[in-house]
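Undergrad: This structure is in C-alpha cells; I'll ask about it shortly.
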Amino acid sequence: MGLYGGNSTYGKHLLLSFLLLTLCLQLFVPRQLSAQSEGESNYLDSINSDEDGGKLAYPSFVLAEPVMNEIYVIDSMVRIIIYSSDLFPLYTLSKRNGIESPQGLAVDEKGDVYVAQALSKSDPKNRISVFNACLNWEQNIYFEGFEGADSFMPYRIAIDKNGLIYVAGLHFPGVIVLDKNGKFLDIMSPEEGDKKARLNNVMIDRKGKIYLLSEEESRIYVYDENRKFLFKFGEKGGNAGKLSRPKGIAVDYNVGKMYVVDYMRHTVNIYDMDGKYISEFGGMGWTEGWFQHPTDITIDSKGRLFVSDTFNDRIQVFKSM
C-alpha cells in the first residue's frame, strides 16, 4: 500500500488537499512577500524600552529633531521619552515636569520644546506647553482669536524657520497659525468639493514646505514656505497605492521621496516629490518590518525612518531608500 493508502478514498482526498494547499501557498505567499520585501531589506533596528528598562506602551508619536539629533517619543504612559541618535534613552518628561496629556510636539531652532496638550484635571484648557532647551517649563499658550478656539484640541505641531507655530487639531477644518508669542495669525483651510477638509497633522520639511494631512480625505496638501498652495496627493482606498487612514508624513530630499504611514493598511506608502505613488512596505504583522496600526513617521539627518508601530509597542527604524 502506498503513502496515501493506495486507491482508497481517504488517500485521494488527502492527496487532493495537499495539492490544493500547495497551490494556495504558491499564489498567496509571493504577494505577501512582495508587499513586504522593501521594508524587510531596509529594516535597521527597533526602540522597545524606556530609560528604566521598562517597555514602551502604545507609542503614538515620534519626532527626529535636527537641533540635537535626538528622538522624541510619546506613549500611553503619559510621558515623553528622549533618545540619543544611537537610540539610547536619555531623559523622560512626565507629570512631575508638567506633562499630563501630551499629543504631539515640535522643537524650534533654539531647542525649545512645544508640547500639544489636551485639557487635564490641573488645567481645564487645551494648550501648548513650552519648555526651554534645558527642558524646564516656561509657559502655556492658550487658543483664542478664532471660531472654535475654546474647544480646539491641539494634536500635532510644526514650527517654521521664522518661529511661526502651526497647529493641527483632531479633525479640525484647518491648521491654526500662531506667531512666536502664541498670538493667532491665520487658518490654513484646504477644501475638498464644497467643504473644508478636516485635518489631523502638519509637518514642515527642511526646505520650508508645509504639509497638511487629512485622515478623513486620505489626502496630503502641500504648500510653499509662504503658505501658497502647490499641489495635493493621495487617494482613498484599501488596496496598494491607496490610503485608508493616513496619519503622518516624512520627506527625504536626499532620495527624493515622501513617506506616508497608513494606520488601517499597516503600511508605509512611498511617493516621489510630485506625489506620484511608487511603492509601499509593511503590512499587518508582529515581526521586524511588519506593523500593527502605525500612527506616526519621521526621518532624521542620517536618512533613517522612524515609525511608531503602536500596537506592537515599539518604534521601528528603517533606512530611507
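Undergrad: Under the Karplus relation 6.51 cos²θ - 1.76 cosθ + 1.60, θ = phi - 60°, what is the ordered set of whole-Hz ³J(HN,Hα) values for the range 236-252, x standing for Gly and Pro?
TA: Computed from phi, the couplings for the range 236-252 are 6, x, x, 10, 3, x, 10, 10, 9, 9, x, 10, x, 9, 9, 10, 10 Hz.
Undergrad: Follow-up. Would you mind checking the radius of gyration and Dmax of the range 141-298 based on alpha-carbon positions, in Å?
TA: 15.6, 48
Undergrad: Hey, another quick one. Which angle between 0 and 90 degrees, to the nearest 10, do you get for helix 9-42 versus the longest principal axis of the chain when only C-alpha atoms count?
TA: 30
Undergrad: If the convex hull of the alpha-carbon atoms of the chain is projected onto planes in all directions, what is the mean projected area in square nanometres?
TA: For the Cα atoms of the chain, the hull's average projected area reads 20.7 nm².
Undergrad: With a 1.4 Å probe and all protein chains kept in place, how much accessible area does VAL107 have, in Å² rounded to the nearest 10?
TA: Result for VAL107: roughly 20 Å² accessible.
Undergrad: Also, I was wondering about something else. Can you give the Kirkwood hydrodynamic radius of the range 215-309 from its Cα pairs, in Å with one decimal?
TA: The answer is 13.5 Å.
Undergrad: What whole-number value in Å² describes the accessible area per residue of the range 137-252 for a 1.4 Å probe? Kindly include the intermediate steps, with their values, before the conclusion.
TA: Details: 5440 Å² over 116 residues.
For the range 137-252, the solvent-accessible area averages 47 Å² per residue.
Undergrad: Roughly speaking, to the nearest percent, how much of the chain's 1.4 Å accessible area is carbon and sulfur?
TA: So the carbon and sulfur contribution to the accessible surface is 53 percent.
The values are calculated or read from the model by the stated rules, or taken from the named source; none is laboratory data. Computed from a predicted structure; not experimentally measured. Surface areas here come from the heavy atoms of the whole protein model, side chains and all, with no ligands, DNA or RNA. Shrake-Rupley method; radii C 1.70, N 1.55, O 1.52, S 1.80 Å.
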